[in-house]
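Chemist: Sharing a structure here in structure tokens format.
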Amino acid sequence: MNDKQKKPQKLKARLPRGFVDRTAGDIRAVNEMTAKIREVYEHYGFDPLETPLFEYTDALGKFLPDSDRPNEGVFSLQDDDEQWMSLRYDLTAPLARHVAENFNEIQLPYRTYRAGYVFRNEKPGPGRFRQFMQFDADTVGAPGVQADAEMCMMMADTLEALGIKRGDYVIRVNNRKVLDGVLEAIGLGGDDKAGQRLNVLRAIDKLDKFGPEGVALLLGPGRKDESGDFTKGAGLDKEQIDKVLFFVGITDYAESALRLAELVAGTARGGEGVEELNFIGALVTSAGYGPDRIKIDPSVVRGLEYYTGPVYEAELTFDVTNEKGEKVVFGSVGGGGRYDGLVSRFMGQPVPATGFSIGVSRLMTALKNLGKLGASEVIEPVLVTVMDGDVEAMGRYQKMTQELRAAGIRAEMFQGNWKKFGNQLKYADRRGCPVAIIQGGDERATGVVQIKDLIEGKRLSGEIEDNASWREARVAQETAPEADLVAKVREILAAQAEDRKRAGSGFETPYDPAQAGDTDDDV
């Protein structure tokens, strides 16, 4: 009998489906982006708030536990007291819970922003992950649509602060009350028509994808796609379809406002919605935000079960090339609206609220397409090499490293196998280190260090063809007293920065709050 135990199988390293690791470049890009967003929000008087990743499942509203395991759409687990908790699906429901729980302590209107990860227990796909970051801003306790108008202006200012110029974006605004009024006017009011109304709204939401002809089919008998799959329509007649298509086809709201008011005449919600749209339009125009930045657009449909009044969407209008090599409009990077019923679920009394959410990952992709991220330089650390491993030598190397750090210079002492010096320079090359500090026994005896400009050395190495010339040139390396270490390194880093500047690598102009309301098109 063979008593020899089987060798345990090596654990397979694998990333969970629908999730992604973030590398240093992506993390820095997100930090750069969110810092600019945060600056705008703070300038508008909003304060930060952080809520936990987990909430009790019933607090998420849409995902009430109606089965043994309430995990449709959310990731859930059962606590030791047998209560179901779920990873947050968005940042709005946790805010509603926070406001209700602390209602007597907070000051209304409550203006807050939050950034963090949300989780969707949904089938992942290309560019669609189960964990992603959102950046929200909300005003709770402000019933007037001036709060919605301000949100739209803040969205516009945020996009411009990120370097997206006018003409490359638009904030589109609609009102759920107008939608409800149109549907009531064509005979789809009442609880018994709720399902048909939902089908109509879903059809409208496909306008950008299928155009008016495709939407007309979805509003009527149904639509067959290129693969032959058939989607059943909402069953409207031609007159009803024409009224809906007129509504969503409005491109100049000022010219169509009167006819729209006639369409929803006799419906209380529709009339109220038109008045609110007109009010928002007047407010943003007065503040210097023309239709090139904020536009009334009845085709906007968001949050079919969520919003109760104005809805708005930030859309990027420039073209990008998709994975098929086709030119397509980039599209939405965020949106929001008024949700007066969400906090009220906890309170038993009306609590008005409005807010919007930015999809951080999607917006980051857009900014990369525009070349607006990564403009802030990240200099890799100066490498202090190790020539000797005794305590005294190591102490000297560490002291040099700390002196550089204390002077505000990124620096690291080599922590690998120091006995193979060539590997240290290979490490510096792969890491992209700008400078290497070298001190062996001879240098230590005379109190000097060798300072090697690795960037210049790499450039010149392509121009020198033989070893004799290399030795004669002493490429980009100089000897300096230990006391001058920091000054010499700063001098080299400054020269490298000047080289990059001459090569066309500059910095982004910082956001200037004083320019936020400027209407000059070339800002």
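The values are calculated or read from the model by the stated rules, or taken from the named source; none is laboratory data. Keep in mind the model is a prediction, meaning the values are calculated, not measured. All Cβ positions, even for glycine, are placed from backbone atoms using ideal geometry, and neighbour counts span all protein chains on display. Heads up: the accessible areas ignore ligands, DNA and RNA and are worked out on the full protein's heavy atoms, side chains in. Shrake-Rupley method; radii C 1.70, N 1.55, O 1.52, S 1.80 Å.
Chemist: Between beta-carbons, use under 14 Å as the cut-off and find the net charge around Val30, counting Lys and Arg +1, Asp and Glu -1.
Modeler: On the way: positive: Arg22, Arg28, Lys36, Arg38, Arg362, Lys368, Lys372; negative: Asp21, Asp26, Glu32.
Once all neighbours under 14 Å are counted, the net charge is +4.
Chemist: A further question on this structure: Given points 7 Å out from each Cα along the Cα-Cβ axis, report the Glu50 to Tyr117 separation in nanometres with one decimal.
Modeler: Placing both labels 7 Å beyond Cα along the Cβ direction yields 1.4 nm.
Chemist: Rank Trp84, Ala147, Ala287 by how far each Cα sits towards the positive end of the charge dipole of the chain (+1 on Lys, Arg Cβ; -1 on Asp, Glu Cβ) and give me just the farthest.
Modeler: The residue sitting most towards the positive pole is Trp84.
Chemist: Could you name the lysines whose alpha carbon sits less than 20 Å from that of Lys452, not counting residues in the same chain fewer than 8 places away?
Modeler: Answer for Lys452, where 20 Å is the Cα cut-off: Lys399, Lys419, Lys420, Lys426, Lys488, listed by chain and number.
Chemist: While we're looking at this one, here's another question. Leaving ligands, DNA and RNA out of it, work out the accessible area of Tyr113 with a 1.4 Å probe and give it in Å² to the nearest 10.
Modeler: Using a 1.4 Å probe on the heavy atoms, I get roughly 10 Å².
Chemist: Which of the peptides 447-454, 11-18, 232-239, 99-106 is most tightly packed, and how do the rest follow, going by the mean number of other Cβ atoms within 10 Å of each residue? Let's see the in-between values first.
Modeler: Details: 447-454: 20.0, 11-18: 8.0, 232-239: 14.9, 99-106: 13.2.
Top of the packing list down: 447-454, 232-239, 99-106, 11-18.
Chemist: Taking a temperature of 10 °C and a viscosity of 1.306 mPa s, what whole-number D in µm²/s does Stokes-Einstein yield for the chain with Rh from Kirkwood over alpha carbon pairs?
Modeler: Details: Rh = 27.7 Å.
Roughly 57 µm²/s, to the nearest whole number.
Chemist: Could you work out the relative contact order of region 167-287? I mean the mean sequence separation of Cα pairs under 8 Å and 6+ apart, divided by the number of residues, in percent. Don't skip to the end; give the middle numbers.
Modeler: Values: 115 pairs, mean separation 41.5, N = 121.
Contact order relative to length: 34 percent.
Chemist: On full extension of the chain, what length is gained from Arg430 through Asp340, given 0.36 nm per residue of separation minus the C-alpha to C-alpha distance? Walk me through the numbers before you get to the answer.
Modeler: Working: separation 90, 0.36 × 90 = 32.40 nm, distance 5.47 nm.
Gain on extension, Arg430 to Asp340, equals 26.9 nm.
Chemist: At 7 Å along the Cα-to-beta-carbon direction for both Ala487 and Arg459, put a label point, then send me their distance in nm to one decimal.
Modeler: Placing both labels 7 Å along Cα→Cβ, they lie 2.4 nm apart.
Chemist: Follow-up question, since we're still on this one. Quote the Stokes-Einstein diffusion coefficient, in whole µm² s⁻¹, for region 380-433, based on the Kirkwood radius over alpha carbon pairs, a temperature of 20 °C and a viscosity of 1.002 mPa s.
Modeler: Details: Rh = 11.3 Å.
The estimated diffusion coefficient comes to 189 µm²/s.
Chemist: Round to the nearest 0.05 the FRET efficiency obtained for Phe230 and Asp208 when R0 = 25 Å and r is the Cβ-Cβ distance. Before the final figure, lay out each step's value.
Modeler: On the way: r = 21 Å, r/R0 = 0.85.
According to the calculation, E is roughly 0.75.
Chemist: Mind pulling the angle between the C-alpha long axis of helix 92-101 and the longest principal axis of the chain? Nearest 10 degrees, somewhere in 0 to 90.
Modeler: 80
Chemist: Tell me the Kirkwood radius of region 267-391: reciprocal of the mean inverse pair distance over distinct alpha-carbon atoms, in Å.
Modeler: Working: mean 1/r = 0.0529 Å⁻¹.
Answer for region 267-391: a Kirkwood hydrodynamic radius of 18.9 Å.
Chemist: Tell me the label-point distance for the pair Leu108, Asn278, using the 7 Å Cα-to-Cβ offset, in nm and rounded to one decimal.
Modeler: 2.9
Chemist: Let me ask something additional. Evaluate E = 1/(1 + (r/R0)^6) for Lys501 and Ala24, where r is the Cβ-Cβ distance and R0 equals 22 Å; express this FRET efficiency to the nearest 0.05. Mind showing how you got there, number by number?
Modeler: On the way: r = 23 Å, r/R0 = 1.05.
According to the calculation, E is roughly 0.40.
Chemist: Please give the solvent-accessible surface of Met155 in Å², to the nearest 10, using a probe radius of 1.4 Å with every protein chain present.
Modeler: For Met155, the solvent-accessible surface is approximately 10 Å².
Chemist: At a probe size of 1.4 Å, how large is the accessible area of Ser332, to the nearest 10 Å²?
Modeler: Spelled out: Ser332, probe radius 1.4 Å, area about 40 Å².
Chemist: If I take every Cα pair under 8 Å that is 6 or more residues apart in the chain, average their sequence separation and divide by the length, what percent do I get for the relative contact order? All intermediate terms of the calculation are to be shown ahead of the outcome.
Modeler: Details: 803 pairs, mean separation 71.7, N = 523.
Reported as a whole number, the value is 14 percent.
Chemist: Something else now. Above 20 angstrom, tally the Cα pairs of region 190-303 and express them as a % of all pairs, no decimals. Please list the in-between numbers first.
Modeler: Numbers: 3124 of 6441 pairs.
Pairs farther apart than 20 Å: 49 percent.
Chemist: At 1.4 Å probe size, with the rest of the protein present, what percent of the exposed accessible area of the chain is carbon and sulfur atoms? Write out the running numbers ahead of the final one.
Modeler: Details: 14040 of 28070 Å².
The value for the chain is 50 percent carbon and sulfur by accessible area.
Chemist: Kindly provide the pair-distance distribution of region 108-180 built from C-alpha pairs, with 10 Å bins from 0 and whole-percent values in order of increasing distance.
Modeler: For region 108-180, the binned pair fractions read 14, 32, 39, 15, 0 percent.
Chemist: Between Glu255 and Val378, what is the FRET efficiency for a Förster distance of 51 Å, r being their Cβ-Cβ separation, to the nearest 0.05? The partial results should precede the final answer.
Modeler: Numbers: r = 50 Å, r/R0 = 0.99.
Once rounded, the FRET efficiency stands at 0.50.
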